[in-house]
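Everything on this sheet refers to the single structure shown next.
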Amino acid sequence: MKLSLSAVEWHAGSWKFRADATFTPGVHLVSGRVGSGKTTLALLSARQLQPDAGTVVCEDIRSCTLSFQYPEYHITGSTLYEEAESYGVDPFAACARAGLAGRDEEDPFRLSRGELKWFQLTCLLMRRWDLLILDEPFSALDCRGKLAVCRAIEENRGGIVLVSTHEQYILPKTDFLWEMMSGELTLRGTLPDAISTWESAPALVRRLREQGVLPANLTRDDILEAACRMHE
Amino acid sequence: MIEIRDLAFRSIRIGHLLIPDGTTALIGANGSGKTTLLRLLAGLTPPDTGSITVDGMLPEPGCAGFVNEYPDRNALFSRFADELAAPLRFRHIPCEELEQRVKEAAATAGLERQLERTMDTLSGGEKVLAALLSALISSPETLILDEFDSHLDYDSLVLAENLISSSGARRVIRCTQNMDLAAQYGRVIVLHRGRVLRAGSPEEVFPALEETCCYPFSWRAFR
(Lines give C-alpha, C1' and ligand atoms only; values in the text may rest on other atoms or scores of the structure.)
Protein backbone atom coordinates (compact mmCIF):
# COMPACT_ATOMS: atom_id res chain seq x y z
CA MET A 1 0.00 0.00 0.00
CA LYS A 2 1.57 3.30 -1.08
CA LEU A 3 0.74 6.87 -2.09
CA SER A 4 3.34 8.55 -4.27
CA LEU A 5 3.56 12.17 -5.31
CA SER A 6 6.24 12.30 -8.01
CA ALA A 7 7.61 15.73 -8.95
CA VAL A 8 4.18 17.21 -8.24
CA GLU A 9 3.66 20.92 -8.84
CA TRP A 10 0.58 23.06 -8.48
CA HIS A 11 0.30 26.81 -8.95
CA ALA A 12 -2.01 29.54 -7.68
CA GLY A 13 -0.86 32.83 -9.15
CA SER A 14 2.78 33.28 -8.18
CA TRP A 15 2.50 30.73 -5.36
CA LYS A 16 3.85 27.29 -6.13
CA PHE A 17 3.35 23.94 -4.39
CA ARG A 18 6.02 21.26 -4.81
CA ALA A 19 6.15 17.72 -3.48
CA ASP A 20 8.16 14.60 -4.18
CA ALA A 21 7.08 12.14 -1.54
CA THR A 22 6.02 8.59 -0.77
CA PHE A 23 3.55 7.77 2.00
CA THR A 24 3.54 4.20 3.32
CA PRO A 25 1.30 2.72 6.06
CA GLY A 26 1.56 4.60 9.35
CA VAL A 27 0.67 7.98 10.80
CA HIS A 28 2.19 10.89 8.88
CA LEU A 29 1.99 14.22 10.69
CA VAL A 30 2.24 17.30 8.43
CA SER A 31 2.88 20.67 10.04
CA GLY A 32 3.70 24.09 8.68
CA ARG A 33 2.72 27.73 8.90
CA VAL A 34 -0.62 29.05 7.73
CA GLY A 35 -0.70 29.29 3.94
CA SER A 36 2.26 26.92 3.53
CA GLY A 37 0.28 24.42 1.45
CA LYS A 38 -1.02 21.77 3.87
CA THR A 39 -4.57 21.83 2.52
CA THR A 40 -3.23 21.76 -1.05
CA LEU A 41 -1.27 18.62 -0.13
CA ALA A 42 -4.44 17.06 1.32
CA LEU A 43 -6.48 17.89 -1.78
CA LEU A 44 -3.81 16.61 -4.19
CA SER A 45 -3.36 13.41 -2.16
CA ALA A 46 -7.11 12.79 -2.20
CA ARG A 47 -7.16 13.56 -5.94
CA GLN A 48 -9.56 16.41 -5.39
CA LEU A 49 -7.06 18.64 -7.16
CA GLN A 50 -5.15 17.83 -10.34
CA PRO A 51 -1.43 18.69 -10.32
CA ASP A 52 -0.10 21.07 -12.96
CA ALA A 53 2.95 18.81 -13.28
CA GLY A 54 3.99 15.40 -11.95
CA THR A 55 1.84 12.46 -10.90
CA VAL A 56 -0.11 11.23 -7.89
CA VAL A 57 -0.22 7.43 -7.80
CA CYS A 58 -2.09 5.18 -5.34
CA GLU A 59 -0.95 1.57 -5.12
CA ASP A 60 -3.17 -1.06 -3.43
CA ILE A 61 -5.33 1.66 -1.92
CA ARG A 62 -8.94 0.51 -2.09
CA SER A 63 -10.56 3.07 0.18
CA CYS A 64 -9.69 6.73 0.62
CA THR A 65 -11.32 9.65 2.34
CA LEU A 66 -10.57 13.28 3.13
CA SER A 67 -11.85 15.21 6.13
CA PHE A 68 -12.00 18.93 5.45
CA GLN A 69 -10.83 21.55 7.92
CA TYR A 70 -14.34 22.97 8.19
CA PRO A 71 -16.94 20.30 9.09
CA GLU A 72 -19.86 22.20 7.54
CA TYR A 73 -18.37 21.40 4.10
CA HIS A 74 -19.33 17.75 4.68
CA ILE A 75 -23.00 18.14 5.52
CA THR A 76 -25.43 16.39 3.17
CA GLY A 77 -28.21 15.28 5.55
CA SER A 78 -30.88 17.38 7.22
CA THR A 79 -30.61 15.38 10.46
CA LEU A 80 -27.75 13.73 12.31
CA TYR A 81 -29.42 10.39 11.52
CA GLU A 82 -29.30 11.09 7.77
CA GLU A 83 -25.81 12.46 8.03
CA ALA A 84 -24.48 9.33 9.77
CA GLU A 85 -26.29 7.11 7.26
CA SER A 86 -24.52 8.94 4.42
CA TYR A 87 -21.22 7.65 5.87
CA GLY A 88 -22.63 4.09 6.05
CA VAL A 89 -22.42 3.92 9.85
CA ASP A 90 -25.01 3.23 12.56
CA PRO A 91 -26.56 6.65 13.35
CA PHE A 92 -27.34 5.81 16.98
CA ALA A 93 -23.83 4.53 17.63
CA ALA A 94 -22.32 7.59 15.92
CA CYS A 95 -24.41 9.98 18.02
CA ALA A 96 -23.51 8.12 21.22
CA ARG A 97 -19.79 8.10 20.44
CA ALA A 98 -19.82 11.82 19.68
CA GLY A 99 -21.58 12.63 22.96
CA LEU A 100 -24.87 13.37 21.16
CA ALA A 101 -26.99 10.41 22.28
CA GLY A 102 -30.71 11.02 21.73
CA ARG A 103 -30.11 13.95 19.37
CA ASP A 104 -30.23 11.98 16.10
CA GLU A 105 -33.18 14.01 14.74
CA GLU A 106 -31.39 17.35 15.18
CA ASP A 107 -30.31 19.50 12.24
CA PRO A 108 -26.49 19.29 11.96
CA PHE A 109 -26.36 23.07 11.57
CA ARG A 110 -27.95 23.47 15.02
CA LEU A 111 -24.87 21.91 16.60
CA SER A 112 -21.98 24.00 17.82
CA ARG A 113 -18.94 23.92 15.60
CA GLY A 114 -17.04 21.63 17.97
CA GLU A 115 -19.99 19.24 18.28
CA LEU A 116 -20.36 19.13 14.50
CA LYS A 117 -16.64 18.52 14.00
CA TRP A 118 -16.59 15.67 16.52
CA PHE A 119 -19.71 14.12 14.98
CA GLN A 120 -18.34 14.32 11.44
CA LEU A 121 -14.99 12.84 12.46
CA THR A 122 -16.73 10.12 14.48
CA CYS A 123 -18.74 9.06 11.43
CA LEU A 124 -15.60 9.02 9.31
CA LEU A 125 -13.47 7.20 11.85
CA MET A 126 -16.06 4.47 12.52
CA ARG A 127 -14.94 2.98 9.21
CA ARG A 128 -11.48 1.75 8.29
CA TRP A 129 -9.64 3.39 5.43
CA ASP A 130 -6.56 2.44 3.45
CA LEU A 131 -5.86 6.14 2.99
CA LEU A 132 -7.25 8.52 5.60
CA ILE A 133 -6.50 12.22 5.08
CA LEU A 134 -7.40 14.56 7.94
CA ASP A 135 -7.01 18.31 7.36
CA GLU A 136 -6.91 20.08 10.75
CA PRO A 137 -8.88 17.37 12.59
CA PHE A 138 -8.35 18.96 16.02
CA SER A 139 -9.54 22.52 15.36
CA ALA A 140 -12.70 23.42 17.32
CA LEU A 141 -12.62 20.20 19.37
CA ASP A 142 -12.44 20.25 23.15
CA CYS A 143 -9.79 18.12 24.81
CA ARG A 144 -12.09 15.08 25.16
CA GLY A 145 -12.80 15.20 21.43
CA LYS A 146 -9.11 15.59 20.58
CA LEU A 147 -8.16 12.60 22.71
CA ALA A 148 -10.96 10.52 21.13
CA VAL A 149 -9.73 11.44 17.64
CA CYS A 150 -6.16 10.48 18.60
CA ARG A 151 -7.38 7.08 19.82
CA ALA A 152 -9.36 6.53 16.62
CA ILE A 153 -6.37 7.48 14.45
CA GLU A 154 -4.18 5.03 16.33
CA GLU A 155 -6.85 2.31 15.87
CA ASN A 156 -6.67 2.80 12.08
CA ARG A 157 -3.23 1.13 12.09
CA GLY A 158 -2.49 -0.74 8.89
CA GLY A 159 -3.55 2.10 6.64
CA ILE A 160 -1.91 5.35 5.59
CA VAL A 161 -3.01 8.28 7.75
CA LEU A 162 -2.09 11.86 6.77
CA VAL A 163 -2.78 14.39 9.51
CA SER A 164 -2.26 18.09 8.79
CA THR A 165 -2.50 20.09 11.98
CA HIS A 166 -1.53 23.13 14.03
CA GLU A 167 -2.48 21.37 17.26
CA GLN A 168 0.03 22.12 20.01
CA TYR A 169 -0.89 19.84 22.91
CA ILE A 170 -2.82 16.71 21.93
CA LEU A 171 -1.27 14.73 19.09
CA PRO A 172 -1.43 11.07 18.02
CA LYS A 173 1.49 8.66 18.13
CA THR A 174 3.29 9.56 14.93
CA ASP A 175 5.45 7.47 12.61
CA PHE A 176 6.64 10.08 10.09
CA LEU A 177 7.03 13.82 10.46
CA TRP A 178 6.67 16.11 7.45
CA GLU A 179 6.82 19.86 7.11
CA MET A 180 5.36 22.23 4.53
CA MET A 181 7.63 25.22 4.08
CA SER A 182 6.50 27.92 1.63
CA GLY A 183 4.80 25.41 -0.63
CA GLU A 184 7.50 22.74 -0.47
CA LEU A 185 7.01 19.41 1.32
CA THR A 186 9.98 18.13 3.32
CA LEU A 187 10.31 14.83 5.18
CA ARG A 188 11.84 15.44 8.62
CA GLY A 189 11.99 11.69 9.29
CA THR A 190 10.86 9.29 11.98
CA LEU A 191 10.42 10.05 15.67
CA PRO A 192 12.22 11.01 17.83
CA ASP A 193 15.13 12.07 15.60
CA ALA A 194 12.90 14.18 13.35
CA ILE A 195 12.13 16.50 16.27
CA SER A 196 15.66 17.94 16.14
CA THR A 197 15.01 19.61 12.78
CA TRP A 198 11.28 20.32 13.18
CA GLU A 199 10.96 24.07 12.53
CA SER A 200 7.22 24.39 13.25
CA ALA A 201 7.35 22.27 16.40
CA PRO A 202 4.73 22.93 19.11
CA ALA A 203 5.75 25.24 21.96
CA LEU A 204 6.23 22.48 24.54
CA VAL A 205 8.36 20.40 22.16
CA ARG A 206 10.52 23.47 21.46
CA ARG A 207 10.91 24.03 25.19
CA LEU A 208 12.00 20.43 25.76
CA ARG A 209 14.34 20.55 22.78
CA GLU A 210 15.98 23.72 24.09
CA GLN A 211 16.76 21.80 27.30
CA GLY A 212 18.33 18.98 25.27
CA VAL A 213 15.46 16.55 25.91
CA LEU A 214 13.64 14.84 23.05
CA PRO A 215 10.32 13.06 23.72
CA ALA A 216 10.10 9.54 22.29
CA ASN A 217 6.99 10.59 20.38
CA LEU A 218 4.33 13.33 20.41
CA THR A 219 1.57 11.96 22.65
CA ARG A 220 0.81 13.67 25.96
CA ASP A 221 2.40 10.76 27.82
CA ASP A 222 5.57 11.14 25.74
CA ILE A 223 5.75 14.87 26.49
CA LEU A 224 5.15 14.31 30.21
CA GLU A 225 7.79 11.59 30.33
CA ALA A 226 10.30 13.89 28.63
CA ALA A 227 9.41 16.73 31.00
CA CYS A 228 10.11 14.38 33.93
CA ARG A 229 13.54 13.60 32.45
CA MET A 230 14.16 17.35 32.15
CA HIS A 231 13.45 17.80 35.86
CA GLU A 232 15.83 14.98 36.87
CA MET B 1 -16.68 46.57 33.01
CA ILE B 2 -19.33 44.27 31.55
CA GLU B 3 -22.23 43.36 33.80
CA ILE B 4 -24.67 40.51 33.13
CA ARG B 5 -27.94 40.32 35.09
CA ASP B 6 -30.63 37.61 34.95
CA LEU B 7 -29.61 36.59 31.45
CA ALA B 8 -31.61 33.93 29.61
CA PHE B 9 -31.16 33.01 25.97
CA ARG B 10 -31.39 29.50 24.52
CA SER B 11 -29.32 27.36 26.92
CA ILE B 12 -27.63 30.33 28.60
CA ARG B 13 -28.70 31.09 32.17
CA ILE B 14 -26.57 33.58 34.12
CA GLY B 15 -27.89 35.29 37.25
CA HIS B 16 -25.15 37.84 37.83
CA LEU B 17 -21.65 38.10 36.39
CA LEU B 18 -19.10 40.92 36.27
CA ILE B 19 -16.40 40.83 33.62
CA PRO B 20 -13.77 43.45 34.47
CA ASP B 21 -11.71 45.24 31.83
CA GLY B 22 -8.62 43.33 30.72
CA THR B 23 -8.36 39.87 29.25
CA THR B 24 -10.92 37.14 29.87
CA ALA B 25 -10.87 33.57 28.55
CA LEU B 26 -14.16 31.72 28.21
CA ILE B 27 -13.69 27.96 28.33
CA GLY B 28 -15.97 24.92 28.33
CA ALA B 29 -16.76 21.72 26.50
CA ASN B 30 -18.11 21.70 22.95
CA GLY B 31 -21.75 22.77 23.05
CA SER B 32 -21.53 24.51 26.44
CA GLY B 33 -22.77 27.83 25.00
CA LYS B 34 -19.53 29.77 24.54
CA THR B 35 -20.33 31.10 21.07
CA THR B 36 -23.87 32.04 22.09
CA LEU B 37 -22.58 34.02 25.07
CA LEU B 38 -19.92 35.78 22.98
CA ARG B 39 -22.55 36.86 20.44
CA LEU B 40 -24.69 38.23 23.27
CA LEU B 41 -21.70 40.12 24.70
CA ALA B 42 -20.95 41.60 21.28
CA GLY B 43 -24.54 42.83 20.96
CA LEU B 44 -25.05 40.69 17.85
CA THR B 45 -27.94 38.84 19.51
CA PRO B 46 -30.36 40.41 22.01
CA PRO B 47 -31.13 38.29 25.09
CA ASP B 48 -34.66 36.92 25.64
CA THR B 49 -34.62 38.23 29.18
CA GLY B 50 -32.11 39.98 31.41
CA SER B 51 -29.49 42.54 30.50
CA ILE B 52 -25.90 42.96 29.44
CA THR B 53 -24.29 46.36 29.91
CA VAL B 54 -20.86 47.61 28.94
CA ASP B 55 -19.80 50.48 31.20
CA GLY B 56 -23.48 50.86 32.03
CA MET B 57 -24.64 51.03 28.39
CA LEU B 58 -26.27 48.40 26.17
CA PRO B 59 -23.73 46.92 23.71
CA GLU B 60 -24.31 48.22 20.20
CA PRO B 61 -23.92 45.86 17.23
CA GLY B 62 -20.82 46.71 15.24
CA CYS B 63 -18.99 48.48 18.07
CA ALA B 64 -17.10 45.44 19.30
CA GLY B 65 -14.47 43.84 17.11
CA PHE B 66 -15.74 40.30 16.54
CA VAL B 67 -13.98 37.31 15.00
CA ASN B 68 -16.37 34.50 14.15
CA GLU B 69 -15.40 30.87 14.66
CA TYR B 70 -16.44 30.21 11.05
CA PRO B 71 -13.87 32.23 9.09
CA ASP B 72 -15.92 32.00 5.90
CA ARG B 73 -18.82 33.72 7.66
CA ASN B 74 -16.70 36.75 8.61
CA ALA B 75 -16.23 37.92 5.08
CA LEU B 76 -18.63 40.43 3.50
CA PHE B 77 -16.49 41.20 0.45
CA SER B 78 -14.73 38.96 -2.03
CA ARG B 79 -11.36 40.79 -2.20
CA PHE B 80 -9.19 40.72 0.93
CA ALA B 81 -8.29 44.42 0.58
CA ASP B 82 -12.01 45.34 0.50
CA GLU B 83 -12.76 43.12 3.48
CA LEU B 84 -10.02 44.80 5.47
CA ALA B 85 -11.12 48.28 4.39
CA ALA B 86 -14.82 47.73 5.18
CA PRO B 87 -14.84 48.83 8.86
CA LEU B 88 -13.05 52.06 7.84
CA ARG B 89 -15.35 52.67 4.85
CA PHE B 90 -18.37 52.28 7.14
CA ARG B 91 -16.85 55.03 9.29
CA HIS B 92 -16.30 57.29 6.24
CA ILE B 93 -12.52 57.41 6.61
CA PRO B 94 -11.00 59.38 3.65
CA CYS B 95 -9.77 57.14 0.82
CA GLU B 96 -6.10 58.09 1.04
CA GLU B 97 -5.92 57.41 4.78
CA LEU B 98 -7.97 54.25 4.35
CA GLU B 99 -5.62 52.77 1.75
CA GLN B 100 -2.61 53.55 3.89
CA ARG B 101 -4.15 51.95 6.97
CA VAL B 102 -5.17 48.83 5.01
CA LYS B 103 -1.60 48.37 3.74
CA GLU B 104 -0.15 48.90 7.20
CA ALA B 105 -2.63 46.48 8.79
CA ALA B 106 -1.92 43.73 6.26
CA ALA B 107 1.82 44.21 6.74
CA THR B 108 1.54 43.63 10.50
CA ALA B 109 0.49 40.03 9.74
CA GLY B 110 2.74 39.57 6.70
CA LEU B 111 -0.30 39.45 4.43
CA GLU B 112 0.42 42.48 2.22
CA ARG B 113 1.01 40.24 -0.81
CA GLN B 114 -2.42 38.68 -0.33
CA LEU B 115 -4.32 42.00 -0.46
CA GLU B 116 -5.46 41.55 -4.05
CA ARG B 117 -6.49 37.92 -3.56
CA THR B 118 -10.10 36.89 -3.10
CA MET B 119 -11.04 35.65 0.37
CA ASP B 120 -11.92 32.18 -0.90
CA THR B 121 -8.35 31.64 -2.12
CA LEU B 122 -6.79 32.34 1.28
CA SER B 123 -5.82 29.36 3.43
CA GLY B 124 -7.88 28.59 6.53
CA GLY B 125 -5.32 30.25 8.80
CA GLU B 126 -4.96 33.27 6.52
CA LYS B 127 -8.75 33.75 6.59
CA VAL B 128 -8.61 33.82 10.38
CA LEU B 129 -5.78 36.36 10.40
CA ALA B 130 -7.70 38.42 7.84
CA ALA B 131 -10.75 38.38 10.12
CA LEU B 132 -8.62 39.41 13.10
CA LEU B 133 -7.05 42.31 11.18
CA SER B 134 -10.51 43.40 10.02
CA ALA B 135 -11.73 43.38 13.64
CA LEU B 136 -8.71 45.36 14.83
CA ILE B 137 -8.47 47.97 12.09
CA SER B 138 -11.09 50.26 13.61
CA SER B 139 -9.42 50.08 17.07
CA PRO B 140 -12.45 48.76 19.01
CA GLU B 141 -12.62 49.12 22.80
CA THR B 142 -14.02 45.60 23.07
CA LEU B 143 -12.57 42.68 21.17
CA ILE B 144 -14.46 39.40 21.09
CA LEU B 145 -12.72 36.37 19.62
CA ASP B 146 -14.45 33.07 19.02
CA GLU B 147 -11.86 30.30 19.04
CA PHE B 148 -9.90 31.60 16.09
CA ASP B 149 -6.61 30.32 17.54
CA SER B 150 -7.23 26.66 16.66
CA HIS B 151 -6.56 27.49 13.00
CA LEU B 152 -3.11 28.97 13.63
CA ASP B 153 0.37 27.50 13.87
CA TYR B 154 2.53 28.45 16.85
CA ASP B 155 4.37 31.33 15.15
CA SER B 156 1.14 32.75 13.71
CA LEU B 157 -0.47 32.45 17.14
CA VAL B 158 2.37 34.45 18.71
CA LEU B 159 1.91 37.05 15.97
CA ALA B 160 -1.85 37.19 16.60
CA GLU B 161 -1.33 37.55 20.36
CA ASN B 162 1.06 40.46 19.75
CA LEU B 163 -1.50 42.12 17.48
CA ILE B 164 -4.20 41.70 20.13
CA SER B 165 -2.07 42.93 23.04
CA SER B 166 -0.89 45.98 21.11
CA SER B 167 -4.37 46.81 19.78
CA GLY B 168 -5.25 49.09 22.70
CA ALA B 169 -8.58 47.28 23.28
CA ARG B 170 -9.75 47.85 26.86
CA ARG B 171 -11.24 44.41 27.10
CA VAL B 172 -10.56 41.20 25.22
CA ILE B 173 -12.95 38.29 25.68
CA ARG B 174 -12.19 35.09 23.84
CA CYS B 175 -13.16 31.50 23.90
CA THR B 176 -10.46 28.94 23.31
CA GLN B 177 -9.73 25.24 23.67
CA ASN B 178 -6.06 26.10 24.29
CA MET B 179 -5.90 26.00 28.08
CA ASP B 180 -2.29 27.15 28.14
CA LEU B 181 -3.41 30.29 26.34
CA ALA B 182 -6.38 30.70 28.73
CA ALA B 183 -3.96 30.38 31.66
CA GLN B 184 -2.16 33.51 30.44
CA TYR B 185 -5.33 35.61 30.60
CA GLY B 186 -6.29 37.76 33.57
CA ARG B 187 -9.57 36.00 34.18
CA VAL B 188 -11.10 32.65 33.23
CA ILE B 189 -14.81 31.82 33.04
CA VAL B 190 -15.83 28.15 32.83
CA LEU B 191 -19.14 27.59 31.11
CA HIS B 192 -21.02 24.30 31.59
CA ARG B 193 -24.36 23.70 29.86
CA GLY B 194 -25.01 27.41 29.61
CA ARG B 195 -24.18 28.22 33.22
CA VAL B 196 -21.09 29.73 34.79
CA LEU B 197 -19.40 26.92 36.68
CA ARG B 198 -16.39 28.93 37.84
CA ALA B 199 -14.94 32.40 37.35
CA GLY B 200 -11.74 33.92 38.62
CA SER B 201 -8.04 34.18 37.94
CA PRO B 202 -6.34 31.17 36.27
CA GLU B 203 -4.76 30.31 39.64
CA GLU B 204 -8.23 30.22 41.20
CA VAL B 205 -10.00 28.32 38.41
CA PHE B 206 -7.62 25.71 37.02
CA PRO B 207 -6.65 23.80 40.20
CA ALA B 208 -10.26 22.51 40.33
CA LEU B 209 -9.74 21.09 36.82
CA GLU B 210 -6.47 19.30 37.57
CA GLU B 211 -8.00 15.84 37.23
CA THR B 212 -9.39 16.67 33.77
CA CYS B 213 -7.80 17.19 30.37
CA CYS B 214 -8.76 20.89 30.69
CA TYR B 215 -5.85 21.55 33.04
CA PRO B 216 -3.15 23.59 31.21
CA PHE B 217 -0.71 21.05 29.83
CA SER B 218 2.36 23.21 30.40
CA TRP B 219 1.39 23.47 34.09
CA ARG B 220 1.20 19.68 34.26
CA ALA B 221 4.50 19.20 32.45
CA PHE B 222 6.64 21.98 33.85
CA ARG B 223 5.29 23.09 37.25
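Summed over the residues of the stretch A:73-126 and divided among them, the accessible surface reaches 43 Å² per residue at a probe radius of 1.4 Å.
For chain B, give the share of DSSP beta bridges that are antiparallel, in percent and rounded to the nearest 5; count only bridges with both residues there.
On the way: 19 of 36 bridges.
Restricted to chain B, the bridges split so that about 55 percent are antiparallel.
In nm², what is the average projected area of the convex hull enclosing the Cα atoms of the stretch B:74-139? Present the calculation step by step, with values, prior to reporting the outcome.
Values: hull surface 15.5 nm².
Taking the Cα atoms of the stretch B:74-139, their convex hull projects to 3.9 nm² on average.
DSSP bridge analysis restricted to chain A gives an antiparallel fraction near 50%, rounded to the nearest 5. Here the Kirkwood formula, the inverse mean of 1/r across different C-alpha pairs, assigns the protein assembly as shown a hydrodynamic radius of 23.0 Å.
What are the GluC sites (Glu not before Pro) within the stretch B:167-216 that DSSP puts in a loop, where the Cβ has at most 12 other Cβ atoms within 10 Å?
On the way: sites: B:E203, B:E204, B:E210, B:E211; in loops: B:E210, B:E211.
Those satisfying the criteria are B:E210, B:E211.
Burial here means at least 10 square angstrom less accessible surface with every protein chain in place than with the chain by itself, probed at 1.4 Å; in the stretch B:1-33 the buried residues are B:R10, B:A29, B:N30, B:G31. Between B:H192 and A:T55, the simple label model (points 7 Å from Cα in the Cβ direction) yields a spacing of 5.8 nm. Rolled with a 1.4 Å probe across the full set of protein chains, the surface gives B:S11 an accessible area near 60 Å².
Quick one: if the Förster radius is 35 Å, what FRET efficiency do B:L44 and B:W219 give, using the C-beta to C-beta distance and rounding to 0.05? Let's see the in-between values first.
Working: r = 34 Å, r/R0 = 0.96.
After rounding to 0.05, the efficiency reads 0.55.
Computed with a 1.4 Å probe over protein heavy atoms only, the accessible surface of the stretch B:74-139 comes to 50 Å² per residue.
Taking the DSSP bridge list for the protein assembly as shown and keeping only pairs wholly inside it, about 50 percent are antiparallel.
Looking at the stretch A:11-40, none of the trypsin sites (Lys or Arg not before Pro) sits in a DSSP loop with at most 14 other Cβ atoms within 10 Å of its own Cβ.
So which GluC sites (Glu not before Pro) in the stretch A:66-146 are both in a DSSP loop and have at most 15 other Cβ atoms within 10 Å of their Cβ?
Working: sites: A:E72, A:E82, A:E83, A:E85, A:E105, A:E106, A:E115; in loops: A:E105, A:E106.
In loop regions of the stretch A:66-146 (DSSP not H, G, I, E or B), the sparsely surrounded GluC sites (Glu not before Pro) are A:E105.
Kirkwood radius for the stretch A:8-52, taken over all pairs of different Cα atoms as the inverse mean of 1/r, rounds to 11.5 Å. Residue-normalised convex hull volume from the C-alpha trace of the stretch A:106-232: 121 Å³ per residue. Accessible-area loss of 50 Å² or more (1.4 Å probe, protein heavy atoms, chain alone versus all protein chains) is found in the stretch A:39-72 for A:Y70. One equal scatterer on each Cα of the stretch A:73-126, no solvent, Debye formula: the resulting log10 I(q)/I(0) at q = 0.12 Å⁻¹ is -0.18. Cβ-Cβ distance of B:E204 and A:T190, R₀ of 51 Å, FRET efficiency by 1/(1 + (r/R0)^6): the value works out to about 0.75.
With the convex hull of its Cα atoms as the shape, the stretch B:60-99 has an orientation-averaged projected area of 3.3 nm². Within chain A, A:C58, A:C64, A:C95, A:C123, A:C150, A:C228 have no other Cys Cβ under 4.7 Å of their Cβ and so lack a disulfide-compatible partner by this rule.
Once the Cβ-Cβ distance of A:E82 and A:E9 is raised to the sixth power relative to R0 = 35 Å, the FRET efficiency obtained is 0.30. Over all distinct Cα-Cα pairs of chain B, the Kirkwood formula returns a hydrodynamic radius of 18.1 Å.
Mind jotting down the distance between the C-alpha centroids of the stretch A:1-68 and the stretch B:144-223, whole Å? Between the Cα centres of the stretch B:144-223 and the stretch A:1-68 lies a distance of 34 Å.
How many Å² of accessible surface get buried when A and B come together, counting both sides, probe radius 1.4 Å, rounded to the nearest 100? Kindly include the intermediate steps, with their values, before the conclusion.
Details: alone 11060 and 11430 Å², together 19270 Å².
Summing both chains' loss of accessible area gives about 3200 Å².
With +1 on each Lys and Arg Cβ and -1 on each Asp and Glu Cβ, how big is the dipole of the stretch B:74-139 about its Cα centre, in debye rounded to the nearest 20? Can you show the working numbers first?
Details: 8 positive and 10 negative charges, 25 e Å.
The dipole magnitude comes to about 120 debye.
Here's the list of lysines a cross-link from B:K103 could span, going by alpha-carbon distance under 27 Å and ignoring same-chain residues fewer than 8 apart: A:K16, A:K38, B:K127.
Phi angles of the stretch B:177-187 translate, via the Karplus equation with coefficients 6.51, -1.76, 1.60 and θ = phi - 60°, into HN-Hα couplings of 9, 8, 5, 5, 5, 4, 5, 8, 8, x, 9 Hz per residue; Gly and Pro are given as x.
Taking the accessible area of the protein assembly as shown, probe 1.4 Å, and keeping the other protein chains in place, the carbon and sulfur fraction comes to 49%.
The values are calculated or read from the model by the stated rules, or taken from the named source; none is laboratory data. Computed from a prediction, not measured in an experiment: that's the story for all the values here. No Cβ is skipped: glycine too gets one built from the backbone with ideal geometry, and neighbour counts run over all protein chains shown. With ligands, DNA and RNA removed, areas are computed over all heavy atoms of the protein, side chains included. Shrake-Rupley method; radii C 1.70, N 1.55, O 1.52, S 1.80 Å.
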